[in-house]
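To start, the structure under review is shown below, and the notes come after it.
The values are calculated or read from the model by the stated rules, or taken from the named source; none is laboratory data. Predicted model, so just to flag it, every value in this text is computed and none were measured. Here Cβ is always computed from backbone atoms with ideal geometry, including for glycine, and neighbour counts include all displayed protein chains. For the accessible areas, the whole protein counts, side chains as well, though only heavy atoms, and no ligand, DNA or RNA atoms are used. Shrake-Rupley method; radii C 1.70, N 1.55, O 1.52, S 1.80 Å.
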Amino acid sequence: MKSVLLIGLGNFGQALGEKLRNMGDEVMIVDRNEDVINSLASKYTGAAIANCMNTDNLKSLDIPSFDACVVAIGDDFQSSLEITSNLKDLGAKYVVSRANTEIQRKFLLRVGADEVVYPNRDIAEKLAVKLNAKRVFDYVELDAQHGIFEIAVPQRWYGMKLVDANPRGKYGLNVLTIKQGKEITPLPGPNYIFQNGDHMLVFGETELILKFTNKNK
(Lines give C-alpha, C1' and ligand atoms only; values in the text may rest on other atoms or scores of the structure.)
Protein backbone atom coordinates (compact mmCIF):
# COMPACT_ATOMS: atom_id res chain seq x y z
CA MET A 1 0.00 0.00 0.00
CA LYS A 2 1.30 3.45 -0.93
CA SER A 3 0.28 6.99 -0.12
CA VAL A 4 -0.36 9.09 -3.20
CA LEU A 5 -1.11 12.77 -3.67
CA LEU A 6 -3.23 13.17 -6.81
CA ILE A 7 -3.48 16.70 -8.20
CA GLY A 8 -6.02 17.25 -10.97
CA LEU A 9 -9.33 15.37 -11.22
CA GLY A 10 -10.14 15.41 -14.91
CA ASN A 11 -11.02 12.19 -16.71
CA PHE A 12 -7.48 10.85 -16.45
CA GLY A 13 -7.08 11.86 -12.82
CA GLN A 14 -10.38 10.31 -11.79
CA ALA A 15 -9.63 7.05 -13.61
CA LEU A 16 -6.20 6.87 -11.99
CA GLY A 17 -7.56 7.70 -8.56
CA GLU A 18 -10.21 4.99 -8.77
CA LYS A 19 -7.63 2.43 -9.83
CA LEU A 20 -5.26 3.36 -7.01
CA ARG A 21 -8.09 3.26 -4.49
CA ASN A 22 -9.20 -0.17 -5.68
CA MET A 23 -5.63 -1.40 -5.25
CA GLY A 24 -5.74 -0.37 -1.60
CA ASP A 25 -3.59 2.76 -1.77
CA GLU A 26 -4.18 5.80 0.40
CA VAL A 27 -5.03 8.63 -1.99
CA MET A 28 -5.30 12.33 -1.24
CA ILE A 29 -7.11 14.15 -4.05
CA VAL A 30 -6.73 17.86 -4.78
CA ASP A 31 -8.45 20.05 -7.34
CA ARG A 32 -9.55 23.67 -7.48
CA ASN A 33 -13.01 22.65 -8.70
CA GLU A 34 -15.21 22.55 -5.59
CA ASP A 35 -17.97 20.50 -7.23
CA VAL A 36 -15.57 17.78 -8.34
CA ILE A 37 -13.96 17.45 -4.91
CA ASN A 38 -17.28 17.46 -3.08
CA SER A 39 -18.61 14.67 -5.30
CA LEU A 40 -15.53 12.45 -4.80
CA ALA A 41 -14.22 13.29 -1.33
CA SER A 42 -16.05 10.50 0.52
CA LYS A 43 -14.28 7.83 -1.56
CA TYR A 44 -10.74 8.88 -0.69
CA THR A 45 -8.40 9.05 2.28
CA GLY A 46 -8.30 12.81 2.03
CA ALA A 47 -9.49 15.63 -0.22
CA ALA A 48 -8.80 19.32 -0.58
CA ILE A 49 -10.14 22.16 -2.67
CA ALA A 50 -7.02 24.14 -3.53
CA ASN A 51 -5.14 25.92 -6.27
CA CYS A 52 -1.79 24.13 -6.22
CA MET A 53 -0.11 26.97 -8.10
CA ASN A 54 -0.07 28.57 -4.66
CA THR A 55 3.02 27.29 -2.85
CA ASP A 56 1.45 27.81 0.56
CA ASN A 57 -1.39 25.48 -0.41
CA LEU A 58 1.13 22.82 -1.38
CA LYS A 59 3.07 23.26 1.85
CA SER A 60 -0.08 22.62 3.86
CA LEU A 61 -0.37 19.17 2.27
CA ASP A 62 2.88 17.89 3.85
CA ILE A 63 4.39 16.86 0.52
CA PRO A 64 7.29 14.74 1.91
CA SER A 65 4.82 12.42 3.64
CA PHE A 66 3.58 10.95 0.32
CA ASP A 67 5.26 8.06 -1.45
CA ALA A 68 4.36 9.61 -4.80
CA CYS A 69 2.79 12.79 -6.14
CA VAL A 70 0.92 12.76 -9.45
CA VAL A 71 0.28 15.94 -11.43
CA ALA A 72 -2.61 14.80 -13.63
CA ILE A 73 -3.48 18.22 -15.10
CA GLY A 74 -3.95 17.96 -18.85
CA ASP A 75 -5.41 21.30 -19.96
CA ASP A 76 -3.00 23.82 -18.40
CA PHE A 77 0.64 23.02 -19.07
CA GLN A 78 1.97 26.11 -17.29
CA SER A 79 0.23 25.01 -14.09
CA SER A 80 1.53 21.47 -14.50
CA LEU A 81 5.07 22.74 -14.99
CA GLU A 82 5.06 25.04 -11.96
CA ILE A 83 3.38 22.52 -9.67
CA THR A 84 5.87 19.83 -10.68
CA SER A 85 8.77 22.14 -9.88
CA ASN A 86 7.27 23.25 -6.58
CA LEU A 87 6.60 19.67 -5.49
CA LYS A 88 10.28 18.80 -5.90
CA ASP A 89 11.32 21.98 -4.09
CA LEU A 90 9.05 20.98 -1.19
CA GLY A 91 10.66 17.56 -0.85
CA ALA A 92 8.44 15.27 -2.92
CA LYS A 93 9.91 11.77 -3.04
CA TYR A 94 8.64 10.88 -6.51
CA VAL A 95 6.73 13.05 -8.97
CA VAL A 96 4.80 11.74 -11.96
CA SER A 97 3.50 14.38 -14.36
CA ARG A 98 1.20 14.22 -17.34
CA ALA A 99 2.28 15.49 -20.75
CA ASN A 100 0.53 15.82 -24.08
CA THR A 101 3.59 16.37 -26.30
CA GLU A 102 7.28 15.47 -26.43
CA ILE A 103 8.22 19.11 -25.79
CA GLN A 104 6.11 19.10 -22.64
CA ARG A 105 7.80 15.90 -21.51
CA LYS A 106 11.24 17.46 -21.88
CA PHE A 107 10.30 20.55 -19.88
CA LEU A 108 8.65 18.52 -17.13
CA LEU A 109 11.77 16.38 -16.77
CA ARG A 110 13.92 19.49 -16.64
CA VAL A 111 12.00 20.98 -13.74
CA GLY A 112 12.21 17.78 -11.73
CA ALA A 113 9.57 15.23 -12.76
CA ASP A 114 10.80 11.72 -12.04
CA GLU A 115 8.45 10.24 -14.62
CA VAL A 116 6.26 11.65 -17.37
CA VAL A 117 3.23 9.85 -18.81
CA TYR A 118 1.35 10.38 -22.07
CA PRO A 119 -2.17 8.96 -21.60
CA ASN A 120 -3.34 9.78 -25.12
CA ARG A 121 -0.14 8.63 -26.81
CA ASP A 122 0.03 5.44 -24.78
CA ILE A 123 -3.55 4.52 -25.71
CA ALA A 124 -2.87 5.31 -29.37
CA GLU A 125 0.31 3.23 -29.44
CA LYS A 126 -1.37 0.26 -27.76
CA LEU A 127 -4.23 0.39 -30.25
CA ALA A 128 -1.83 0.70 -33.18
CA VAL A 129 0.06 -2.40 -32.04
CA LYS A 130 -3.15 -4.41 -31.62
CA LEU A 131 -4.44 -3.33 -35.04
CA ASN A 132 -1.20 -4.29 -36.75
CA ALA A 133 -0.63 -7.63 -35.04
CA LYS A 134 -2.79 -10.71 -35.27
CA ARG A 135 -3.91 -12.38 -32.06
CA VAL A 136 -2.51 -9.74 -29.69
CA PHE A 137 -4.85 -9.36 -26.73
CA ASP A 138 -2.86 -6.97 -24.56
CA TYR A 139 0.43 -5.12 -24.65
CA VAL A 140 2.69 -3.26 -22.21
CA GLU A 141 5.61 -1.23 -23.57
CA LEU A 142 8.71 -1.51 -21.38
CA ASP A 143 10.93 0.66 -23.57
CA ALA A 144 11.28 1.51 -27.25
CA GLN A 145 12.51 -1.99 -28.10
CA HIS A 146 10.87 -4.34 -25.57
CA GLY A 147 7.40 -5.20 -24.34
CA ILE A 148 5.18 -7.79 -22.67
CA PHE A 149 2.43 -9.19 -24.90
CA GLU A 150 -0.55 -11.43 -24.34
CA ILE A 151 -0.82 -13.51 -27.50
CA ALA A 152 -2.67 -16.61 -28.65
CA VAL A 153 -0.75 -19.87 -28.88
CA PRO A 154 -0.41 -21.00 -32.52
CA GLN A 155 -2.77 -23.82 -33.43
CA ARG A 156 0.13 -26.03 -34.54
CA TRP A 157 1.47 -25.98 -30.97
CA TYR A 158 -1.64 -27.61 -29.52
CA GLY A 159 -0.61 -30.86 -27.82
CA MET A 160 3.09 -29.90 -28.00
CA LYS A 161 5.38 -29.48 -25.00
CA LEU A 162 6.83 -26.05 -24.38
CA VAL A 163 10.36 -27.44 -24.65
CA ASP A 164 9.60 -28.85 -28.11
CA ALA A 165 7.95 -25.66 -29.36
CA ASN A 166 11.04 -23.80 -28.07
CA PRO A 167 9.56 -20.28 -28.31
CA ARG A 168 12.64 -18.68 -26.76
CA GLY A 169 15.24 -20.38 -28.92
CA LYS A 170 13.32 -20.16 -32.19
CA TYR A 171 11.47 -16.87 -31.86
CA GLY A 172 12.98 -14.87 -28.99
CA LEU A 173 9.82 -15.23 -26.87
CA ASN A 174 10.31 -15.57 -23.12
CA VAL A 175 7.12 -17.22 -21.81
CA LEU A 176 6.15 -15.69 -18.45
CA THR A 177 2.64 -17.08 -17.96
CA ILE A 178 0.08 -19.30 -19.66
CA LYS A 179 -3.60 -18.34 -19.43
CA GLN A 180 -6.31 -20.93 -20.07
CA GLY A 181 -9.59 -19.14 -19.46
CA LYS A 182 -9.41 -18.07 -15.82
CA GLU A 183 -6.65 -20.54 -15.00
CA ILE A 184 -3.13 -19.13 -14.71
CA THR A 185 0.14 -21.08 -14.97
CA PRO A 186 3.02 -18.76 -14.01
CA LEU A 187 6.50 -19.60 -15.35
CA PRO A 188 5.40 -22.86 -17.00
CA GLY A 189 7.93 -25.69 -16.99
CA PRO A 190 9.43 -27.31 -20.10
CA ASN A 191 6.90 -30.15 -19.99
CA TYR A 192 3.84 -27.89 -20.09
CA ILE A 193 1.59 -29.08 -22.93
CA PHE A 194 -0.09 -26.33 -24.94
CA GLN A 195 -3.88 -26.59 -25.29
CA ASN A 196 -6.52 -25.18 -27.57
CA GLY A 197 -7.36 -21.67 -26.33
CA ASP A 198 -4.09 -21.04 -24.47
CA HIS A 199 -2.79 -17.50 -24.29
CA MET A 200 0.85 -16.72 -23.51
CA LEU A 201 2.26 -13.70 -21.72
CA VAL A 202 5.62 -13.27 -23.38
CA PHE A 203 8.48 -10.84 -22.93
CA GLY A 204 10.94 -9.91 -25.66
CA GLU A 205 11.83 -7.53 -28.45
CA THR A 206 8.69 -5.91 -29.79
CA GLU A 207 9.79 -6.36 -33.39
CA LEU A 208 10.36 -10.10 -32.94
CA ILE A 209 7.06 -10.63 -31.14
CA LEU A 210 5.07 -8.79 -33.80
CA LYS A 211 6.87 -10.75 -36.51
CA PHE A 212 5.92 -13.98 -34.71
CA THR A 213 2.26 -13.05 -34.28
CA ASN A 214 1.87 -12.02 -37.92
CA LYS A 215 3.48 -15.17 -39.32
CA ASN A 216 2.26 -17.90 -36.97
CA LYS A 217 -1.39 -18.94 -36.84
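GNM remark for the chain: springs join alpha carbons under 10 Å apart, and the peak mean-square fluctuation among Met23, Met53, Met200 falls on Met23. For the chain, the longest principal axis of the C-alpha atoms and the axis of helix 77-89 are separated by about 80°.
Taken about its Cα centre, the chain carries a charge dipole of roughly 1160 debye when the Cβ of each Lys and Arg holds +1 and the Cβ of each Asp and Glu holds -1. Positive-end ranking of Met200, Ser85, Phe107 along the dipole of the chain, with charges on Cβ about the Cα centre, is headed by Met200. Shape summary: region 1-150 maps onto an equivalent ellipsoid whose semi-axes, from the alpha-carbon gyration tensor, are 28, 18, 14 Å in decreasing order.
Relative contact order for region 48-179: what is it in percent, counting Cα pairs under 8 Å that are at least 6 residues apart? For region 48-179, the relative contact order is 14 percent.
Using only helices, what value at 222 nm comes out for the chain when you add -39,500 (n - 2.57) per DSSP H run of length 4 or more and divide by the total residues, to the nearest 500 deg cm²/dmol?
Details: 9 runs with 79 residues, N = 217.
The per-residue figure over the chain is -10000 deg cm²/dmol.
Of all DSSP beta bridges confined to the chain, the antiparallel ones make up roughly 55%.
Within the listed set Ser80, Ser65, Ser97, the residue fluctuating most in the Gaussian network model of the chain (springs between alpha-carbon atoms under 10 angstrom) is Ser65.
To the nearest 0.05, what FRET efficiency results for Ser42 and Ser65 with a Förster distance of 22 Å applied to their C-beta separation?
Details: r = 22 Å, r/R0 = 0.99.
The pair Ser42/Ser65 has a calculated efficiency of 0.50.
Label-to-label distance for Glu34 and Leu109 is 4.1 nm, based on points extended 7 Å past Cα in the beta-carbon direction. Taking a ≥ b ≥ c as the square roots of the eigenvalues of the Cα gyration tensor of region 162-217, is the shape rounded (a/c under 1.5), prolate (a/b larger than b/c) or oblate? Note, shape of region 162-217 comes out prolate. Would you work out what percent of the accessible area of the chain, with all protein chains in place, is carbon or sulfur (probe 1.4 Å)? C and S atoms contribute 50 percent here. A DSSP coil position with no more than 10 other Cβ atoms inside 10 Å describes none of the chymotrypsin sites (Phe, Trp or Tyr not before Pro) in region 1-97. Classification of region 24-86 by its C-alpha gyration tensor yields an oblate form. The axis ratio a/c (a ≥ b ≥ c) is 1.5 or more, and b/c is at least a/b.
For the pair Asn214 and Arg121, a Förster radius of 22 Å applied to the C-beta separation gives a FRET efficiency near 0.40, rounded to the nearest 0.05. The rule of thumb for compact globular proteins, 2.2 N^0.38 Å, goes into the C-alpha radius of gyration of region 70-217 1.36 times.
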